[in-house]
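Working notes, structure below.
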Amino acid sequence: MTNIDWSGVRDRVAALSATPEAKVFGANGHRWLLEPPLEPTELAELEEQLGVRLPDDYRSFLLEVSRGGAGPFYGLFPLRRVDGRWRWEGDGAELTEIGALAEPFPHTGPVNPAADLPEPPDEEDFGTVEEFTAAEDAYWELHDRVAYDPRHTVGTVYLCHLGCAYRQMLVVSGPERGTMWADDSADDGGFSPLAGPHGERIGFARWYLDWLDEATAKAREPVHS
């Protein structure tokens, strides 16, 4: 198991609660609040229901820090136990295919499912408004079926949103297990792995701790009147 030092994280986040929310993007959403961590029995029940063991750094975060709350962008989707079943909650958390987390995530590099689609219809190419409207409706139906096909995101857990339907997720099954990916489908950007300055893959712990370091640095910046 990967050893991550999560000591002091809750205290560091609590200290940031005095920071004006406008200084750190998304803080007005999570308000620097961290929910309690999971109990080991809760994590065991969660993973049994999911049919998959979560990546070590994320599961240790769940046990030692929090089940959700303050984090990158508008915060980490929290885990909730509803009617005996665990699930993530938040704007886009429903995109996590709970029943397909054990299926391998199919991608190993950037992919845009909509890249090969033709251009949307042009109204000038149609004789009537009705014909154009029908063609446009058919195009966007095809576009959404291709761009948002859930088969592209099996084996992933959506962890946060950035606003405007941009989201980020953690791969939990397949060759990319343990890496963080961006879902930019809302702007036809497809899916791409998050990477460091040298192109290296980023896992949950680095993703979260980098955010905390950046937020702390922002909090220390002087306020300009």
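The values are calculated or read from the model by the stated rules, or taken from the named source; none is laboratory data. Note that the structure is predicted; figures quoted are calculated from it, not measured. Here the Cβ is made from the backbone with ideal geometry for all residues, glycine too, and neighbour counts use every protein chain on show. Side chains are part of the model used for accessible areas, which takes the heavy atoms of the whole protein and leaves out ligands, DNA and RNA. Shrake-Rupley method; radii C 1.70, N 1.55, O 1.52, S 1.80 Å.
Couple of notes before you dig in:
- Sorting the segments 39-48, 175-184 by their residues' average number of neighbouring beta-carbon atoms within 10 angstrom, most packed first, yields 175-184, 39-48.
- The label-point distance for Asn28 and Asp83, in a model that sets each label 7 Å from Cα toward Cβ, rounds to 3.5 nm.
- Inter-label distance, Glu94 to Ser7: 4.3 nm, where each label sits 7 Å from its Cα along the C-beta direction.
- Carbon and sulfur %, accessible surface of the chain computed with the full protein complex present, 1.4 Å: 51
- Kirkwood hydrodynamic radius over Cα pairs of the chain, then Stokes diffusion coefficient at 37 °C and 0.692 mPa s, in µm²/s: 171
- Degrees, to the nearest 10: 40-50 long Cα axis against longest axis of the chain: 20
- Theoretical gain in end-to-end length, Ala15 to Asp144 [0.36 nm per residue, Cα-Cα removed]: 42.1 nm
- Å² of accessible area per residue within the chain, as computed with a 1.4 Å probe and no ligands counted: 52
- Paramagnetic reach from Glu64 in the range 1-23 [backbone N under 16 Å; point 7 Å along Cα→Cβ]: 1-13
- Spatial separation of Cα centroids for the range 123-140 and the range 24-62, in angstrom: 47
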